[in-house]
Structures are given as structure tokens and as C-alpha cells.
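The values are calculated or read from the model by the stated rules, or taken from the named source; none is laboratory data. Remember, it's a predicted structure, so these values are computed and weren't measured experimentally. Because the Cβ atoms are built from the backbone with ideal geometry, glycine has one as well, and the counts that use them run over all protein chains shown. For accessibility, only protein heavy atoms count, side chains too; no ligands or nucleic acids. Shrake-Rupley method; radii C 1.70, N 1.55, O 1.52, S 1.80 Å.
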Amino acid sequence: MKALAYSLMILFGIIAIGTFYFGVKKKGRLAFIRGVYIFFLIYTAAMGVFFAHYVPDSSPDESAHIAYVYYLKETNEIIPHFEDMHIFNNAMMKWSTEPNYEYQQSLVNYLCHPPLYYHIMRLAGGFTPTESDVVVTIQKMQLRYFSLAISLIGVGIMLYIGYSRIPKQRPWLHLLYAITITSIPMLSYELCAVTNDALALVTGAICILGLIRFCEEKRGLSTYMLIAAGISASLLTKLTTAMLCIFMALIVLIVTMIKERSLKALFAKEFLLSLPVYGIAALYYILVYNRYGTIHPSLELICSKEYFENTIYYVDKAERTSFTFNEYLSYYFERFFLSWSGIESIHRFMKTFTYSLTAIPFELLWVLPVLLFIPIVNKKAGSLALPLQAGWISCVLTFIYQLKSAYGTYLTRGYLGGFASRYYLPFIPVLALSLVVILVSLLLDNGFNAETEEITVNGPLANFGKRMFYNQLIYAIGLCYAFLLFYGNFPFFLLHFAA
């Protein structure tokens with residue numbers, strides 16, 4: 001495993017050298033950039049396959065997700081009766097040579113997510129009945145690979161956003177973007193499991209792409225449909241992703257109307273034509289509300305006895321950990337950012353400290369976008385400024401809501417979870433593009449024309465040399481940052497946790 005880790009780091013060095021070469025040579029530049037994106041898409045898929053085989057039963061919720069798919073397959077319900085869904089045992093039955101699992105009808109499934117992902121997963125198959133009514137043969141790898149394919153569609157859209165928006169004259173920026181998208185450890189780790197996070201990657205990326213097009217004033221029907229599809233599909237997949245999309249869309253819309261002093265963006269014909277797409281999600285929540293009295297049912301609501309007796313979400317008062325508010329904040333931030341720079345699941349493959357060299361680059365992705373509000377950076381960002389600012393603000397607002405919700409749950413139920421940072425994976429393009437824009441804003445005009453491969457010396461030669469050196473320093477900083485992100489993901493796992 002160590003040999004593989006070192007080989008990957010050498011491969012990064014080769015690609016990094018390539019970015020310098022094709023930065024000054026136009027011939028082959030576009031093909032090289034495309035190759036970078038294709039490589040990292042394949043690399044991400046390979047990591048997912050590796051984890052699927054190397055770390056079996058990696059997700060604590062995978063059996064619940066699979067049981068959700070099984071329930072829809074058996075009942076053909078469009079909107080499930082959550083109280084009738086049960087759960088599979090995590091362990092395969094010992095007496096069987098087949099991958100047989102017990103469907104535990106005495107336990108209620110605690111997942112009450114919207115059903116879009118699970119309806120799509122029905123297409124994967126993977127379930128075979130046995131002679132027993134409570135035992136099902138499950139081909140988990142078949143389900144995992146189908147879910148992996150869904151995830152990769154989302155990653156592909158994310159990579160396309162960078163490919164289509166970052167200037168082709170600077171290949172190193174494309175490398176930095178591609179690495180940032182694919183190097184959050186929980187992304188590749190989540191790819192190996194059956195989870196609705198897979199579809200959230202797709203819906204979030206679609207919404208971001210639509211809002212970027214909107215800010216580029218490409219306001220045709222396709223743009224409004226992309227935004228509508230992203231928001232509506234997110235509402236039917238995962239509410240956290242929906243919050244991110246809705247916050248971002250509202251900020252973009254409000255700021256646009258203020259800047260343009262017009263309501264045209266809101267009442268455009270194209271927007272009105274996209275309303276039926278939103279209506280699909282609205283209809284789902286109306287029906288759910290009529291049935292349960294809330295738009296988001298929970299195990300506590302549908303089966304309170306099961307909630308209090310058989311889940312980790314309620315801790316008996318005598319067994320609760322006592323924190324002051326400041327102690328809880330410290331605990332929450334540490335667990336949140338360690339799960340962002342590492343892997344937090346049944347197995348914990350984490351960095352040692354939040355301030356370690358291998359963790360800080362991941363944490364800075366959350367902090368650096370604040371620089372987008374500096375005028376010079378905002379100007380350099382151009383049409384990307386508003387969607388990136390709105391996207392980052394939506395992440396912050398959702399994070400505050402998540403923190404408030406987690407703290408409230410801790411106070412009332414003693415549960416110390418709720419700090420999952422993987423909820424923000426669908427908005428990785430916002431953080432990655434922000435990093436690219438910030439670095440671009442630091443560069444100086446050194447007289448080099450990447451299209452003609454010619455250098456024009458303006459002013460004293462000494463100043464030209466200083467500008468050249470300064471820009472090379474920015475390149476080096478960007479590539480070092482990319483390396484730390486790259487190393488902090490899969491090579492770090494191979495060196496520290498793989499046998």
C-alpha cells in the first residue's frame with residue numbers, strides 16, 4: 001500500500017510539471033486539461049471501488065438505505081409509509097453461503113428521507129427472495145456500483161463546471177480545481193456505499209451550474225430548468241442539500257433584482273415555465289404534511305417507542321456527557337472539521353489534530369471564500385463573484401442551522417452527533433472555484449500571452465523579472481496547496497491506515 005501511495009504522489013508531480021509545460025506551450029494544452037479532468041474522474045471512481053472492497057459495510061446507515069430501496073420495490077409505493085418500513089440486519093446470516101440478510105420486522109427504519117434516490121435505486125435490482133419471508137438475498141456490490149455511477153455523474157458535472165469556467169491558459173488552475181473537487185476524503189469514501197448522498201451530488205451540482213449560468217446572463221429556458229431541477233430534485237432527495245440550493249438561489253435572485261432594479265428575473269417567461277418542476281416537490285411535501293402533520297417525519301414522530309429504546313439518538317440522562325456551551329462549541333467544531341479532512345463513519349480514519357498540516361488545507365476551503373468580498377477579488381471573479389459569494393453564504397447559513405439543531409438535540413436528548421460535514425459535499429464546486437478565483441486575483445500581468453506564446457516586456461526589465469518571479473511563486477503556492485489536498489486524501493489513508 002505504501003508503494004501505491006508513493007506512486008500516486010510521483011504521478012501528481014508528473015502532472016504538476018505538465019501544467020507548467022502546457023502553461024507556456026499552446027499545442028496540446030486543451031487535450032492535457034481534458035486529460036486532467038478525465039484522470040481525476042477515473043481516480044475518484046477507483047477510490048470508491050477500493051473502499052467498497054477494502055472497507056466492507058463502511059456506512060453505518062447502509063443497511064437502512066438498502067432496506068428503504070427494498071421496501072419501495074416490494075410495495076411499489078410512490079410515497080412510502082415510513083412507519084411500515086423496517087431494516088436489515090447489518091451482518092449476513094451465518095448459516096448461509098449466500099449473502100442472506102434478515103429483514104427485521106420488529107424494528108422500524110429510522111430513515112425518513114424523501115424517496116427520489118431510492119426509486120432510482122430500484123433499477124439496480126440486487127434483491128432475491130428466499131423461502132423465508134424475513135430473509136432476503138442482497139447483492140450489496142451490485143447496489144453499491146449502481147450508486148457509485150450516480151455519484152460519478154455528480155462529480156462529472158462538478159468537474160465540467162470548472163473545465164468550462166476556468167481560463168484554459170492556466171492548466172495549473174484546472175489541476176487545483178480538479179484536486180479540490182475530488183480530494184475531500186468522505187467523498188471517495190461515500191462512493192462505496194448505498195446512500196442518498198450520491199444523488200445529492202448530482203442535484204447540488206445541477207443547481208450550482210444553473211445559477212452560474214443565470215449570473216452569466218444566460219437566462220434562457222434551459223438555465224431556469226437547471227435551477228428548478230436542481231432545487232426540486234434536492235427537495236426530493238436530501239433536505240440539507242435543498243437548504244444549500246434554496247439559500248443560494250434566493251441570494252442570487254435578490255441581489256440580481258437589487259442590482260438591476262427590476263423584477264424581470266423573477267417574472268421572466270422562462271421562470272414561469274419552470275414552475276411545474278417546483279410543483280412536483282411541492283406536491284410531495286403537501287401529501288407528506290397531510291399524512292404526518294410535518295413536512296419531514298422522523299422516527300421520534302412515527303414510532304416514539306422505537307426512538308427512545310433502540311436508537312443512539314436518545315441517551316438516558318444518567319449516561320449523558322456534560323458540556324458547557326463553550327465546551328460544546330469546541331467539541332462540535334473539532335468533530336466537524338476532522339470529519340471534513342478525514343473519514344468519519346463506522347470506521348474513523350482521521351487526522352490527529354484539526355491544526356495539523358494535513359488538515360489545515362481542507363479547513364481553509366471554508367475560510368478562504370470570505371476573500372471574495374474584497375473588491376479586487378470580486379472584480380477578478382467577474383460573473384462568478386455573485387454565485388460563489390451566494391454559495392458560500394448558503395454554506396455558512398446551513399452550517400449555523402446544523403449547529404443550532406445539533407446543540408438543541410444535545411440539550412434535550414443527550415445525543416452528541418449531528419456534526420456530519422459530508423452534507424456540504426454537493427457544494428464543493430463553490431469552494432473549489434472560490435480558491436481558483438482568489439489565486440487568479442493575486443497574479444500580475446507579466447506580459448506573457450499564452451495564446452501566442454510571446455512575451456512583451458513593459459517597463460524596466462527589473463520590474464518584469466520581479467513580476468515573473470512573483471507569479472511563479474503564486475503558481476508554486478497553488479500547486480503546493482493542491483499537493484497537500486491530494487496527499488491528505490487517499491495517499492494519507494494508504495500510508496497511515498491501510499495494512
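A few notes on this one:
- For region 250-259, filtering for residues that are within 17 Å of Ile231 (Cα to Cα) and open to solvent by less than 20 Å² (accessible area, probe 1.4 Å) leaves 1.
- Any chance Ser147 is among the small types (Gly, Ala, Ser) and touching a residue at least 24 places away in the same chain (Cβ under 8 Å): yes
- Verdict on Ala205 being surrounded by fewer than 19 Cβ atoms within 10 Å (Cβ to Cβ) and at negative phi: no
- Residue match in region 90-99 (condition: under 24 Å from Gly204 (Cα atoms), open to solvent by less than 50 Å² (accessible area, probe 1.4 Å) and touching a residue at least 40 places away in the same chain (Cβ under 8 Å)): no
- Qualifying residue in region 272-281 (condition: at pLDDT 95 or above and within 27 Å of Ile166 (Cβ to Cβ)): no
- Applying a threshold of 6 Å to beta carbon distances and a minimum spacing of six or more residues, or different chains, the list of pairs starting in region 471-486 at a residue that is at pLDDT 95 or above and ending at one that is outside any helix (DSSP H, G or I) reads Leu485/Ser183; Phe486/Ser183.
- Residue that is modelled with the highest pLDDT, among those in region 340-397 that are of a type in the set (Ser, Thr, Tyr) and open to solvent by 50 Å² or more (accessible area, probe 1.4 Å): Ser383
- Test result for Gly23, within 27 Å of the chain's Cα centre (by Cα) and either in a helix (DSSP H, G or I) or under 22 Å from Gln472 (Cβ atoms) (or both): no
- Gly28 satisfies every condition listed in (1) at pLDDT below 95; (2) over 27 Å from the mean Cα position of the chain (by Cα); (3) within 19 Å of Gly478 (Cβ to Cβ) except (3).
- Top-ranked residue of region 126-180 - restricted to ones that are hydrophobic (A, V, I, L, M, F, W, C) and outside any helix (DSSP H, G or I), ranked as modelled with the lowest pLDDT: Val134
- Only residues that are farther than 22 Å from Ala46 by Cβ and surrounded by fewer than 18 Cβ atoms within 10 Å (Cβ to Cβ) were counted across region 1-26, and they come to 6.
- Scan region 332-370 for residues that are of a type in the set (S, T, N, Q), closer than 27 Å to Thr412 by Cα and not in a loop (DSSP other than H, G, I, E, B) and the total you get is 1.
- Some residue of region 212-228 being out of contact with any Phe, Trp or Tyr (no Cβ under 6 Å at 6 or more places or on another chain) and closer than 25 Å to Glu363 by Cα: yes
- Among the residues making up region 87-129, a single one is among the basic types (Lys, Arg) and closer than 12 Å to Leu72 by Cβ: Arg122.
- Cβ pairs under 6 Å, 6+ apart, first in region 152-175 and in contact (Cβ under 8 Å) with a residue 12 or more places away in the chain and under 10 Å from Pro429 (Cβ atoms), second among the aromatic types (Phe, Trp, Tyr) and in a helix (DSSP H, G or I): Leu159/Tyr37; Gly162/Tyr177
- Here region 27-55 is the region considered, the condition is being aromatic (Phe, Trp, Tyr) and over 24 Å from Leu495 (Cβ atoms), and the residue that is most open to solvent (accessible area, probe 1.4 Å) is Phe32.
- Among the conditions (1) open to solvent by 20 Å² or more (accessible area, probe 1.4 Å); (2) at pLDDT 95 or above, the only one that Thr237 does not satisfy is (1).
- Taken together, the residues in region 408-432 that are within 23 Å of Glu319 (Cβ to Cβ) and either under 13 Å from the mean Cα position of the chain (by Cα) or at pLDDT 95 or above (or both) amount to 1.
- Check on Ser262, assigned to a helix (DSSP H, G or I) and either in contact with a His (Cβ under 8 Å, 6 or more places away or on another chain) or open to solvent by less than 90 Å² (accessible area, probe 1.4 Å) (or both): no
- Restricting region 8-34 to residues that are touching a residue at least 60 places away in the same chain (Cβ under 8 Å) and of a type in the set (A, V, I, L, M), the residue that is nearest to Tyr487 (Cα to Cα): Met9
- Residue ID - modelled with the highest pLDDT, chosen from residues in region 295-331 that are within 13 Å of Leu107 (Cα to Cα) and outside any helix (DSSP H, G or I): Cys303
- Only one of Tyr54, Tyr71 that is at pLDDT 90 or above and aromatic (Phe, Trp, Tyr): Tyr71
- Tally, over region 35-63, of residues that are more than 21 Å from the chain's Cα centre (by Cα) and either closer than 20 Å to Ala124 by Cα or without any contact (Cβ under 8 Å) to a residue 12 or more places away in the chain (or both): 4
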